[in-house]
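For reference, the structure is listed below as structure tokens.
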Amino acid sequence: MKVEKGEVLILDGVAYRIGKTERLKYRETVDLTAGQTDKTTDITNLKPEDKQIYYVEELDWSGPTKHQFHYPKGVPRNTPHGMDIKTEEWQCPFTVDVHVKPATFPTLVSDNELANATYTQDVWFYGWMYKNVEIIKAEEVESARRAGIRVLEAEA
């Protein structure tokens, strides 16, 4: 769920006050050889800097490939019980609802089931960039709650 400027986001027990929000729209190109499966692509351009957190809402693509969103690397997100199930085009846009913390990045694991064709796939990431975030103390969180400021507790 998106948070707004001035609201508080708690991730893994750390509280952050959001300083600014901007729309996130990023395209990653994945090259897959014929019949290639389980290709891992680190999405290092979605690595927040200090005082930033990215919120990835959706993935989208058009084509015959399958993809699975991992965050952190090796941990499938938004699949039943973390199973190795990849998303297909007909399921897009696919909701992922993941907060990416500073100095970390998501990963895609991709398949090309076309046995005789190499395929280049553009995968789009949509969401929000939270900038100028500051870590706040528990007392400040409680003060924000009493003042009616929204406090969102979420998983990374």
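Checking Ala34 against (1) assigned to a loop (DSSP other than H, G, I, E, B); (2) of a type in the set (A, V, I, L, M); (3) within 14 Å of Ala156 (Cβ to Cβ), only one condition comes out false. Which one?
It is condition (3) that Ala34 fails.
I'd like to know if segment 103-125 contains one or more residues that are on the phi > 0 side of the Ramachandran plot and among the acidic types (Asp, Glu).
no
Output the number of residues of segment 119-155 satisfying the condition of being among the aliphatic types (A, V, I, L, M) and in contact with a His (Cβ under 9 Å, 6 or more places away or on another chain).
2
Report the residue count in segment 108-156 for those that are over 26 Å from the mean Cα position of the chain (by Cα), of a type outside the set (Gly, Ala, Ser) and assigned to a helix (DSSP H, G or I).
Total meeting the criteria: 5.
Is there any pair linking a residue in segment 78-92 that is closer than 20 Å to Ala156 by Cβ and assigned to a loop (DSSP other than H, G, I, E, B) to one that is modelled with pLDDT of 70 or more and aromatic (Phe, Trp, Tyr), with Cβ under 9 Å and at least six apart or on different chains, and which?
Note: pairs meeting the criteria are Asn78/Phe69; Asn78/Phe94; Thr79/Phe69.
Which of the residues spanning segment 12-27 are farther than 17 Å from Ile149 by Cα and surrounded by 13 or more Cβ atoms within 10 Å (Cβ to Cβ)?
Leu24, Tyr26
Go through the residues of segment 80-87 one by one and say whether even a single one is modelled with pLDDT of 90 or more and acidic (Asp, Glu).
No, segment 80-87 contains no residue that is modelled with pLDDT of 90 or more and acidic (Asp, Glu).
Those residues that are surrounded by 12 or more Cβ atoms within 10 Å (Cβ to Cβ) and either free of Cβ contacts under 8 Å to residues at least 24 places away in the same chain or closer than 20 Å to Val56 by Cα (or both), I need them from segment 122-141; list them, please.
Passing the criteria: Asp122, Val123, Trp124, Phe125, Tyr126, Gly127, Trp128, Met129, Tyr130, Lys131, Asn132, Val133.
Residue check, Asp50 against (1) part of a strand (DSSP E or B); (2) free of Cβ contacts under 8 Å to residues at least 60 places away in the same chain; (3) surrounded by fewer than 16 Cβ atoms within 10 Å (Cβ to Cβ), all met but one. Which one?
The one condition Asp50 does not meet is (1).
Within segment 58-71, identify whether any single residue is over 16 Å from Trp124 (Cβ atoms), touching a His at 6+ places or on another chain (Cβ under 7 Å) and at pLDDT 90 or above, and answer yes or no.
Taking every residue of segment 58-71 in turn, none turns out to be over 16 Å from Trp124 (Cβ atoms), touching a His at 6+ places or on another chain (Cβ under 7 Å) and at pLDDT 90 or above.
So, in segment 74-107, exactly how many residues are within 25 Å of Tyr16 (Cβ to Cβ), surrounded by 14 or more Cβ atoms within 10 Å (Cβ to Cβ) and touching a Pro at 6+ places or on another chain (Cβ under 9 Å)?
Matching residues across segment 74-107 total 10.
The values are calculated or read from the model by the stated rules, or taken from the named source; none is laboratory data. The model shown is predicted, which means the values in this text are computed figures rather than measured ones. Virtual Cβ from ideal backbone geometry, glycine too; neighbours counted across all protein chains shown.
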